[in-house]
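Q: Structure provided below as structure tokens; questions to follow.
The values are calculated or read from the model by the stated rules, or taken from the named source; none is laboratory data. Just so we're clear, the structure is a prediction, and the values are computed from it rather than from any experiment. So basically every Cβ, Gly included, is an ideal-geometry build from the backbone, and we count neighbours across all protein chains shown. Ligands, DNA and RNA are stripped out before the accessible areas are found, and what is left, the full protein with its side chains, is counted by its heavy atoms. Shrake-Rupley method; radii C 1.70, N 1.55, O 1.52, S 1.80 Å.
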Amino acid sequence: MGVMRFVGSFEGLDGVTVDTTGTINQIVAQVQVDRPSWKPNFTHSDRHGHPTSDAPVSARDNAVELTDIHKAAMFFWPIEGRPNLQRADSNDVDRVIRYLANVNGVAYAGPRQCVRIACLGDATAYLCNAKFTVLKIMTGVLATYVGDIKYLCLSEWNGQRGLVCGKETDTDGFNVIVSKQVDEC
């Protein structure tokens with residue numbers, strides 16, 4: 001497993017570019033330590049109901065660093081070849097979406113690497129790069145993949161929460177996986 005590189009900025013930290021590694025939540029925590037007066041504001045709306053769309057998330061075509069790529073396929077839990085993956089609480093998946101949608105940056109995954117992009121509560125999201133070159137993708141775009149997975153892979157909905165685990169692939173040789181966090185993040 002590789003480590004995600006992030007280059008970007010946060011609302012309320014005008015003129016500050018953050019260039020570091022880790023999950024987005026680790027990066028936010030470190031920025032808070034470095035700048036104690038900064039209070040992050042992740043205002044992406046809470047979705048405590050069955051999701052209907054990801055309209056507040058940045059449009060993919062305007063944000064992605066890559067060109068001519070398209071979401072290709074969705075795989076539902078249990079995912080073939082990934083028997084260890086378990087389903088995460090849908091409310092924690094919402095938190096992952098908020099974090100990714102409300103930072104302005106680029107996530108990097110090295111050649112042929114999977115990197116953990118976020119882990120909040122019991123939900124974890126991964127970016128897996130099957131290419132032999134570095135992958136660069138906007139965090140807002142990653143939020144749309146996590147949103148797709150939540151919307152299409154939600155199970156055991158009880159009116160307030162459900163369980164989510166899935167994988168969405170892209171024609172440009174990468175995929176995003178959302179599952180339950182099983183190890184320390």
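Q: Around residue 117, which amide H atoms from residues at least 5 apart in sequence, or from another chain, sit under 5 Å from its own amide H, with H modelled in the peptide plane?
A: Distant-sequence amide H within range of residue 117: 125, 126, 127.
Q: Additional query: Need the full-extension length gain, residue 136 to residue 16, defined as separation in residues times 0.36 nm minus the C-alpha distance. One decimal, nm.
A: Result for the pair: 41.2 nm of gain on full extension.
Q: Now a separate question. Stick to the Cα atoms of region 74-185, pair each with every other, and give me the Kirkwood hydrodynamic radius in Å at one decimal.
A: Taking the inverse mean of 1/r over all distinct Cα pairs, region 74-185 comes out at 13.8 Å.
Q: Counting only heavy atoms of the protein chains, get the accessible area per residue of region 69-113 (1.4 Å probe) and round it to a whole Å² value.
A: 49
Q: Keeping every protein chain in place, order 132, 76 by accessible area at 1.4 Å, biggest value first, i.e. largest first.
A: 132, 76
Q: Separate question: Could you tell me which trypsin sites (Lys or Arg not before Pro) in region 92-185 are loop residues by DSSP with no more than 11 other beta carbons within 10 angstrom of their beta carbon?
A: Passing sites in region 92-185 do not exist.
Q: Right, next: At 7 Å along Cα-to-Cβ for each site, give me the label-to-label distance between residue 39 and residue 1 in nm.
A: Here the modelled spin labels are 3.3 nm apart.
Q: Give me, ordered by chain and number, the residues 5 or more places off residue 86 or on other chains with an amide H under 5 Å from its own placed amide H.
A: The list, which skips near neighbours in sequence, is 180.
Q: Determine ³J(HN,Hα), in whole Hz, for all residues of region 89-98 in sequence, where each value follows from phi through the Karplus function 6.51 cos²θ - 1.76 cosθ + 1.60 and θ = phi - 60°; x replaces Gly and Pro.
A: Karplus-based 3J(HN,Hα) across region 89-98 equals 5, 4, 5, 6, 5, 4, 4, 4, 4, 4 Hz.
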